[in-house]
Amino acid sequence: MVSRVIPVDPFDLVIFGGTGDLARRKILPGLFRRYCAGQMPKDARVVGAARAEMDDADYRSMVGEAIVEFSVRSDVDQGKLTAFLENLSYVAIDARGENGWSELAQHMRRKVVRAFYFSVAPGLFGDLAERLNNHGLTDDDSRIVVEKPFGRDLSSARQLNQDLAAFFDEGQIYRIDHYLGKETVQNLMAVRFGNMLFEPLWNSQFVDHIQITVAETVGVGGRGEYYDKSGAMRDMVQNHLMQLLCLIAMEPPARFDPDAVRDEKLKVIRALEPVEPHHIVRGQYDADPTDPENLPNYRTAVENPTSKTESFIALKTHIANWRWAGTPFYLRTGKRLVARSSEISIVFKDTPHSIFGEEAGRHRNVLSIRLQPNEGIKLGVTIKEPGPGGMRLIDVPLDMTFADALGPDGAENVDAYERLIMDVIRGNQTLFMRGDEVEAAWAWTDPIIEGWTNRGDVPKPYDSHSAGPDAAAQLMRRDDRDWREVTP
Ligand code: BG6
C-alpha cells in the first residue's frame, strides 16, 4: 500500500524547552521522520530555545544524537539526518527575563506559519505567551502548542487558560493530549462513524458495559518528583482515559471538524456522574521479590517513604444521558503492571433468550479496540464448536490486527507526536483539547481527589508485574463482571 503524504506549508517552529526530554525523545525525532517521509518541506525551520548557552553546531549535534538514540527505526539515514539538521538553529533564551528574545525575533521569517511549542513546565506558559507578544513575534495566524499537565485542578487550569487567552485566541492554542494522535484512537472514530454495523448497537440497550485499560510496565522512572505530586488520576485519567471515554461515548458529530467533535466530547464530560468513593480503587506498586532487576517500589522510586500518591486507579462511572443511562464505564490504568497493553472493550449484552439452553453458557460479543501494542480491532463472535457431539458454543475473534490486515507498509506506524505537530502546521485542531474541555475534565476529577485528601485515603499496595490490587478485580466482580486480561 502506498502512503499518500501531502507536504505541509513552510513553517518556523520554535521549541521552548528544545533541549528537554520531550523534545529529544519525541518532538525532534518525530519531525525527522516527517522530513524523511517528505511531509516536512525543505525550507521549514526549527529553532530550539532553552536556557543553556550553546551554538547552532552544538544544538545540531545534540539533536542528531537524540534522533539516533530515540528513533523507532534502527537505520537512521545519515545523509537525510545531516540535511534535516541544517534546518535547525538554537537561541539561548530566558523565559522570565529579556535575554534572547530579540535574537529569536531575527530567526522568524515572514509569510510562513509560525508555531511555538511550549515544552516547558506550565508555570512558564504565561511568561512565554507574554514575551512572544511583547516582542512582536506572533501574528494572528501564529499557533502555540502546550503540553500536559494543563494545570493540576480546575482553578489552576482556569488560570492557565486565562494567561494564554490574554494573548492568543482559542483557535491559536493547541493543547496536546498525545493519546488523540494515536492511530487506533482515530480509527475508533472511523469504525464508529464509517460503518453502519456498530452505531445502531452503540447504546445502553445493547451494550452491557465498557472497559478502558491503559496498563504500563514502566514505573515512575526518573519522573518521581513530578509524578508524586500528580498520581495516576492527574497524570492519566484526567486526560488520556477521559479523552478515550469521550470518543467512545460521544454522539456522532455533524462533521469531522474541530468544534463539532469537541462540542460532542464536552457534552460527555459534562454528563459524567460523580464517582462514589466505593467505586474507585487506588493502588501503589510494591517491589516484585522475584524481579532479577530488583527494581524499587513506588515509595523508594519517588523518594517519599510516606507517599499516599496512587500509581494505579480503577473506577466505575456512568454517563447520565439517554444513550448511556445504565451502562457502566470502567476505567483502569497503572504503572508497573504485568504487561503494556491499552485496550478499549465494548462488551455487548447477552442474547435475550438462549435457544441452546443453560448448558451453552454465557457468550457475549466483545469489540476490542487495541491501542498498543499490536494495534487492531477484534470482534468476538460466538459460533458452534466444530465437530460432532451436539451444539457446543465457543467464541472466536474476527481479527483485524492492522499489521496483518494491511501489511507492514499499510500499517505505517506514525507516532502520535508526528501527526499532531503536522496538524498544528496545517491548522487543524480536531485532535487537540479545547480549554472548556480541560476545565470540565478537572471539574469532574477535583472532587474525587479532594475526597481522598479529606479522608486521608491511602492507596492499596500491589505487586509489581501484577494486574493491580485485588480490590480492582472485586470492583468488577461485585457487578458480576470481570476485567479483560492484561496481555501484551
Ligand atoms: C504520559 C504520562 O502522558 O503518558 C506518562 O505522563 C505515561 O506517565 C505516558 O507513561 C504513556 O504514554 P504512552 O504513549 O507510552 O502510552
Taking the convex hull of the alpha carbon atoms in the stretch 435-488, what volume per residue do you get, in Å³? 153 Å³
At 1.4 Å probe size, with the rest of the protein present, what percent of the exposed accessible area of the chain is carbon and sulfur atoms? 50 percent
Crossing angle, helix 154-165 versus the chain [Cα axis fit, 0-90 degrees, rounded to tens]: 40 degrees
May I ask you to list the chymotrypsin sites (Phe, Trp or Tyr not before Pro) in the stretch 280-378 that are in a DSSP loop and have at most 12 other Cβ atoms within 10 Å of their Cβ? Trp322
Restricting things to alpha carbons, find the Rg to Rh ratio for the stretch 199-316 using the Kirkwood radius for Rh. 1.07
Amide N proximity, the stretch 272-286 versus Ala473 label position 7 Å along Cα-to-Cβ, cut-off under 20 Å: 279-286
Degrees separating the helix 56-70 axis from the principal Cα axis of the chain, which is the longest one: 20 degrees
For the cross-link pairs Lys229/Lys335; Lys182/Lys267; Lys335/Lys460; Lys182/Lys229; Lys26/Lys182; Lys316/Lys460, which exceed 19 Å when the distance is taken from alpha carbon to alpha carbon? Lys182/Lys267; Lys182/Lys229
Where Rh denotes the Kirkwood radius from the mean inverse Cα pair distance, what is Rg over Rh for the chain? 0.98
What is the angle, in °, between the Cα long axis of helix 258-271 and the longest principal axis of the Cα atoms in the chain? Nearest 10 is fine, range 0 to 90. 50 degrees
Write down Rg/Rh for the stretch 305-383, rounded to two decimals, with Rg from the C-alpha atoms and Rh from the Kirkwood relation over Cα pairs. 1.08
Stokes-Einstein at 10 °C, 1.306 mPa s, Kirkwood radius from Cα pairs: D for the stretch 323-439 in µm² s⁻¹? 86 µm²/s
May I ask you to derive the relative contact order of the chain, considering only C-alpha pairs under 8 Å and at least 6 residues apart, and to give it as an integer percent? 18 percent
Qualifying aspartates and glutamates (Cα of each under 12 Å from Cα of Lys148; at least 8 residues distant if same chain): Asp177, Asp235
Here the equivalent ellipsoid of the stretch 46-158, derived from its Cα gyration tensor, has semi-axes (largest first, whole Å) of 27, 19, 14
Divide, for the stretch 64-126, the radius of gyration over alpha carbons by 2.2 N^0.38 Å, where N is the residue count. 1.45
Have a look at the DSSP beta bridges in the chain and tell me what percent are antiparallel, nearest 5. 55 percent
What does the accessible area per residue of the chain come to in Å², with a 1.4 Å probe and no ligands, DNA or RNA counted? 46 Å²
With viscosity set to 0.890 mPa s at 25 °C, what whole-number translational diffusion coefficient in µm²/s follows for the stretch 346-400 from Stokes-Einstein and a Kirkwood radius over Cα pairs? 195 µm²/s
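The values are calculated or read from the model by the stated rules, or taken from the named source; none is laboratory data. Model, not experiment: these values are computed from the prediction. Every residue, glycine as well, gets a Cβ built from its backbone with ideal geometry; the counts of neighbours run over all protein chains shown. For accessibility, only protein heavy atoms count, side chains too; no ligands or nucleic acids. Shrake-Rupley method; radii C 1.70, N 1.55, O 1.52, S 1.80 Å.
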